[in-house]
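Here the structure comes first, spelled out in structure tokens, and everything after it is commentary.
Taken together, the values in this text are just the output of simple stated rules run on the coordinates, not laboratory data. Just so we're clear, the structure is a prediction, and the values are computed from it rather than from any experiment. Cβ sites come from the backbone with ideal geometry, for glycine too, and all protein chains shown count toward neighbours.
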Amino acid sequence: MTAAPVLDVSDLRVRFNTDSGVVPAVNGVSFTLARGETLSLVGESGSGKSVTSLAIMRLTPTAPICEVGGSAILRDADGPPRNLLTLPEAEMREIRGSRVAMIFQEPATSLNPVLTLGEQIAEPIRYHRGTPRATALREAERLLDLVGIPDARRRLSSYPHQLSGGMRQRAMIAIALACEPAVLIADEPTTALDVTVQAQILELLRELQARTGMALLFITHNLGVVAEMADRVIVMYAGRVVEQAPLQTLFRRPLMPYTDGLLRSVPRLSSLHEPLEAIPGNVPDPAHLPSGCSFAPRCEHAEAGRCDTAVPELQSATPDHLVRCVRWHELTRTADGLLATQ
Amino acid sequence: MTPASASTEALPLATPRRAGRGVRRFARHRLALIGTCTILFLVLASAFGPYLNPYDDLHIDIVHRFTAPFSGPHLLGTDQLGRDMLARLEKAGRISLTVGFAAMVLSIAAGTVIGVVAGYYGGIVGAALMRFVDAVLCFPSIFLLLALAAFIEPTLLTITIIIAATAWMEVARLVEAQIRALRDRDFAVAAMALGAPDHVIMFRELIPNALAPIVVAATLNVARAILLESYISFLGYGIQPPIPSWGNMLNNAQDYLVTAPWLAILPGAAITLAVTGFNFLGDGLRDALDPRLDIR
């Protein structure tokens, strides 16, 4: 892909200063996001994927509680590159919702219960573009139509509680797309929905992306959804990128034992009568990360003296396949997963 | 009852509107209905009564002073200067109700703005504002009222402002607590993620969600303001004669409590009716606007 990245995140670090000490939630995450591309951030709860997205939007708590380092450069078609992390708050506010928009996990609570859909969709158009109310409401009707809500004109005066979960998420998408953002961050947008509705929403997002050419940063813990949506995948563990690869490569040839474990723990029809595989152990407490590879305590291939001394570098297996594991070239993939050959 | 109406009653609406349910809940609250009727009666009597009554409230008729109620052409009797009591009560109602409403509007506006700013920004700004609120709250309001009233020339406007100045703090605390809880809700974060300016988040996203307790506080504040206006007028710092207010009519009546008790009983009853009316209304609204009661 030759397109210049719209979003270039490098060495993003987020630390929370809590009463019980400093908690590093994100430790040097870097990635690029090209126009029209879908990048998936995958990881368990607490791996730092949501904090990453909030940090890019600058919606993490303010300074004494939370510190953000690194850079997130937005290269918009209409304007110079801007570092979202150092931009003055007023400029950042203009970017939020207009150049970089976000949709959330829970559509039921992300919509304001006392405002009509029309008002809620028209609002960002009004304050980002200064469009008068009546025009913005007409635009809202067009957007509701675009996201596949039937009878859009009547729905403008509906309240969120009058809609189903899928409808609400469609409405959230309409609000996010109101100002045609260059980057859309979707933080587990289908987790709260039924499987069938989930498929419809994913289809809608793909269709809208094809139409508008926006870049999509898709955050999820659901590997099935990743397979549906992503062009490239980043696997996060304990606040670090542990593997990054194009979708096909990652699913066919994962190099990091953690990724392999994640893929093997997906239930399959072919293994219906076998017990479900799981990665033993739990995600480490981010306040007390192990000194070496953070996955080493749970890894069956961990080697004392190598894996638990220093945090491994993110190495390039191939130019577009990065892995954070000191033993990756010593492991080969077999039908039963990764096996150590040496 | 016709069969048609019976069937429509039996079928609940597919999506009952929240407002409709609220109104029904309010109507079930008998005291609230009585309160509403009382207020309506007082407002209408004050607004239109003077046009129907042949007597002027300032017309002095020494010959017919101290006429008892229901004993002559003056329906509710006359006072020590022979002024028609009904006309005076109606005019006083205009003053007292106006002061009550205006003070409520002022105190709600001030309390809401300060509360929403303190609750939304929190931190140093919020702490400073709320400590200021606490400090003002430390003064006994009657004392504050009298201290202020002693220094400022009493007119309708200044008295309204003085009363509002002693009533906004509770609203500020109420709103601050509401907003602090609301600003961490998902829809507020979503609005921030959309780049909404602070004033949009505060006044369009958050305030409508806190409207129910504000409305209740507003009705209770009217009652309180009427009572406070009566206090200070009774003590002679409020509305100055010859302009009547329910409070200064009571003040006048002190000397004639035994000889002409209706001079005290009538304005006293008016104050009682207005204050209880607004309190009942506030209680009814509190129940009607509480979404947790929607389940019933």
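Odds and ends about this structure:
- Partner shielding of A:47-57 amounts to 1, given as the average count of beta-carbon atoms from other chains within 10 Å of each residue beta-carbon.
- Antiparallel %, DSSP beta bridges [both residues in the protein assembly as shown], to 5: 65 percent
- For the range A:196-224 versus the range A:225-285, the gap between their alpha-carbon centres in whole angstrom: 19 Å
- Between the range B:96-151 and the range B:21-76, the C-alpha centres lie 32 angstrom from each other.
- Extension gain from A:Glu313 to A:Glu330, taking 0.36 nm per residue of separation minus the Cα-Cα distance: 4.5 nm
- Fraction of the pair-distance distribution of chain B above 29 Å, Cα-Cα pairs, percent: 48 percent
- Most to least packed among B:27-37, B:183-193, B:217-227, A:278-288 [average Cβ atoms within 10 Å]: B:217-227, B:183-193, B:27-37, A:278-288
- Each Cα pair under 8 Å and six or more residues apart adds its separation to the average, and for the range B:20-295 the resulting relative contact order is 26 percent.
- Taking every residue in B:193-203 and counting other chain Cβ atoms within 10 Å of its Cβ, the average works out to 6.
- Shape category assigned to the range A:35-95 from the gyration tensor of Cα positions, a/c cut at 1.5: oblate
- Exercise: per-residue mean of other protein chain Cβ atoms within 10 Å, A:102-108: 3
- Amide H within-cut-off set for A:Leu12, under 5 Å, with H built and near neighbours excluded: A:Gly28, A:Val29, A:Ser30, A:Ser71
- Under the shape rule built on the C-alpha gyration tensor, where the axes satisfy a ≥ b ≥ c, the range A:127-189 is oblate, since a/c reaches at least 1.5 while a/b does not exceed b/c.
- MRE, 222 nm, helices only [DSSP H, n ≥ 4, -39500 (n - 2.57), over chain B, to nearest 500]: -22500 deg cm²/dmol
- ³J(HN,Hα) computed for each position of the range B:54-68 - Karplus, 6.51 cos²θ - 1.76 cosθ + 1.60, integer Hz, glycine/proline x: x, 8, 8, 6, 9, 6, 8, 9, 4, 4, 9, 6, 6, 6, 6
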